[in-house]
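Take a look at the structure set out below.
Where a number appears in this text, it was derived from the coordinates with a stated rule and is not lab data. Being a predicted model, the structure only gives us computed values, none of them experimental. Glycine gets a Cβ as well: all are built from the backbone with ideal geometry, and neighbour counts include every protein chain shown.
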Amino acid sequence: MVAGPPFTVAKTSPAPHFSPVTITRRVLPFAVLVCALLWGSAFPGIKAIYAAWSEIDVAPTLSNRLLLAGVRFAIAGVALLIISRHPWRQLAGTPKFPLFAFACTQTFVQYILFYWGLAVSSAVLGSLLIASGSFWWLLLAPLLLRTPWPRKSQWLLLGLGAAGVIFAVYRPGAGSGNPVFGAILFCTSTLSGAFGLIVLQKVCKTMGARAATGFSLLTGGLMLCLAGVAAWPELLTLFPPKIIGLTLYLALVSAAGFSIWNHLTQLFPVNLLAGYRFLIPVCAVLLSSLLVPGESPGLGIIIGGAMVLTAIIGLQRHRPASNNQ
């Protein structure tokens, strides 16, 4: 196992003109915290839509959920393309298959599994299990992108984080539904998202991260809308003014969160971001616990979350002394 420098930027970084905003190592934690708060707020937002549907006697079927996800991501994709620099010009010079694969893995497949998992288990459990994406990413990136493998001490810390996730599955707390099946769906969802980030490295050789994310969300969102075709006759019923407002907020969350995160993947190496990524489930669990009625973290979530937080702190101590960025 190669132990090279853990924070070396990958060779697949895009050309400088695709990344006009430079984020330094000191600013990185705050950028990830913004992503964590945005994505964390999506869990109670989705549950609020389900609760609003129950108030108007609409059963939250899988078709309804997929249509909601599709509308959300399509709107987010359009918003990102509007603020991107010449996205259609970049599209013309980009191979279409990797871009389509990126849309399938990061948006379509990932969120079919995610919304299904959220339907059978709790927002609190799902909030914590999105941390599994870091483990998939660290495993896949050295194999497919030839990035450095983590050091032995980093693997131990990541193992501690994984143990915290496993602990949480068995003692998830109130309103957890079917935690084992939900955990399988959430972890498979993050595996698809990890493949998406691998594909993104190839797409960003010819396209900026913001435009690539926009096309991914738009294409994947339209595919989700097609997957939810059975709910089309109920479109007006499913989207009264309150739910339209929540959907627009969730679209904003997706556009901003994915845009920032995918930009970070072009500036910083996998090993460093994998550690900071643990901030996302911590924020998501706290927001879900506070804002979703009927759900509360059990002993497993509390202890598992503490183990995850310990892993974050430990991982961030593994940085070269010469790096003062």
*List the relative contact order of segment 27-316 as a percent without decimals, with contacts defined as Cα pairs under 8 Å and 6+ residues apart.*
42 percent
*If you take the charge dipole of segment 27-316 about its Cα centre, with +1 on Lys and Arg Cβ and -1 on Asp and Glu Cβ, which of PRO150, LEU68, PHE43 is farthest toward its positive end?*
PRO150
*Efficiency by 1/(1 + (r/R0)^6): what FRET value for LEU139 and ARG26, r their Cβ-Cβ distance, R0 = 25 Å, to the nearest 0.05?*
0.30
_Using Cβ contacts closer than 10 Å as the measure, can you line up MET223, MET307, MET207 from fewest to most?_
MET307, MET223, MET207
*asked:* Going by amide H atoms built from the backbone, whose H comes under 5 Å of the H on SER121, apart from near neighbours?
replied: ASN178
*Residue by residue, what Karplus-based ³J(HN,Hα) values in Hz, rounded to whole numbers, does segment 46-63 have, using 6.51, -1.76 and 1.60 with θ = phi - 60° and x for Gly and Pro?*
5, 4, 5, 5, 4, 5, 5, 4, 5, 5, 9, 6, 9, 6, x, 6, 4, 4
*asked:* Let's test the formula: R0 of 25 Å, r as the Cβ-Cβ distance of PHE97 and ARG146. What FRET efficiency results, to the nearest 0.05?
replied: 0.75
*asked:* Using Cβ contacts closer than 10 Å as the measure, can you line up SER289, SER54, SER189 from fewest to most?
replied: SER54, SER289, SER189
*Assuming R0 = 35 Å, can you tell me the calculated FRET efficiency for the pair ILE82 and PHE181, based on Cβ-Cβ distance, to the nearest 0.05?*
0.35
_Cross-link reach list, lysines versus LYS47, counting only Cα pairs under 17 Å and skipping chain neighbours closer than eight places_ = LYS242
*What does the charge dipole of segment 41-141 about its Cα centre add up to, to the nearest 20 debye, if the Cβ of each Lys and Arg holds +1 and the Cβ of each Asp and Glu holds -1?*
400 debye
*Figure the gain on full extension for LEU299 and ALA52 (residue separation times 0.36 nm, minus the Cα-Cα span) and round it to one decimal in nm.*
86.0 nm
*asked:* If packing is taken as the average count of other Cβ atoms within 10 Å, what order do 103-111, 29-37 fall into, highest mean first?
replied: 103-111, 29-37
